[in-house]
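Enquirer: The structure under discussion is supplied below as structure tokens; questions concerning it will follow.
The values are calculated or read from the model by the stated rules, or taken from the named source; none is laboratory data. As the structure is a prediction and not an experimental result, all values here were calculated from the model. Every residue, glycine among them, receives a Cβ derived from its backbone with ideal geometry; neighbour counts consider all protein chains shown.
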Amino acid sequence: MQTIICSHCDLVSQKPILAPGYVAKCARCERILYKNKAVNANKLFALSITALLICIPAFSSPLISIHLLGVTEEANLLQGAIMMIDIAPLVSFVVLFCAVVAPTLLTVCIAFSSGCVVFNKRPSLLNPILKLTAILFHWSMLEVYLVSFLVAVFKLISYADVYFNSGLYFFVALLILNMTMLCEYSNTKYWEYLRNE
């Protein structure tokens, strides 16, 4: 008999047998315990490899150009976070971690675990990778960075001429890929794959 623990109220329940597309809810707190959704490892592997390729121009290419008093400056995500180190080191670290490190590591983890399923491999590294994926799932915040970036741009528009550059389009593409991966991914299904040796 397999059991499952509610992550919200710690109620231990018997793991239900569900038809694909259905969810099981906790009897005590009504939170979702388990989703039985089909995971397409080939699709996730392709999405994660594409996201890794887009990461390079998304983080290094200029997002915007600011023209003020005859001077034009370009800025990318990494430069913006590094420039804040002297002024606000904690904010700089959080931006770097949540907008660069966590999404990139999460994409690498999903690519690795999906590659294991696609090529039918179960390396010893898969166990810690799945644990790390569950942690990084909550720290990847590309959408938060994009919203705060757009707020800053709208405030700058009244003071300077702002032009969007290619890096912004790569970043939006990366965000779409990242959100698609997170919607398609199921950590539970990968753990089941690891157990069914």
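Enquirer: Looking only at segment 149-181, which residues are in contact with a helix residue (DSSP H, G or I) (Cβ under 8 Å, 6 or more places away or on another chain) and not hydroxyl-bearing (Ser, Thr, Tyr)?
Expert: Correct list: 162, 167, 170, 171, 172, 173, 174, 175, 177, 178, 179, 181.
Enquirer: Determine whether segment 103-116 contains at least one residue that is of a type in the set (Gly, Ala, Ser), in contact with a Ser or Thr (Cβ under 9 Å, 6 or more places away or on another chain), modelled with pLDDT of 85 or more and not in a helix (DSSP H, G or I).
Expert: no
Enquirer: Provide a single number: the residues in segment 10-31 that are of a type in the set (A, V, I, L, M, F, W, C), loosely packed, with under 11 Cβ neighbours inside 10 Å and farther than 14 Å from residue 188 by Cα.
Expert: 2
Enquirer: If you scan segment 75-92, which residues turn out to be surrounded by fewer than 11 Cβ atoms within 10 Å (Cβ to Cβ) and either small (Gly, Ala, Ser) or not in a helix (DSSP H, G or I) (or both)?
Expert: 86, 87
Enquirer: Could you pull out every one of the helices (runs of 4 or more DSSP H) wholly within segment 127-197 that has 3 or more residues that are over 18 Å from the mean Cα position of the chain (by Cα), assigned by TED's automatic domain parsing to the domain that holds residue 107 and loosely packed, with under 13 Cβ neighbours inside 10 Å?
Expert: 142-156
Enquirer: Kindly establish whether residue 52 is buried (at least 18 other Cβ atoms within 10 Å of the Cβ), modelled with pLDDT of 85 or more and within 17 Å of residue 112 (Cα to Cα).
Expert: The answer is no for residue 52.
Enquirer: Might you let me know whether segment 95-102 holds any residue that is under 15 Å from residue 174 (Cα atoms), of a type in the set (Gly, Ala, Ser) and in contact with a Phe, Trp or Tyr (Cβ under 9 Å, 6 or more places away or on another chain)?
Expert: yes
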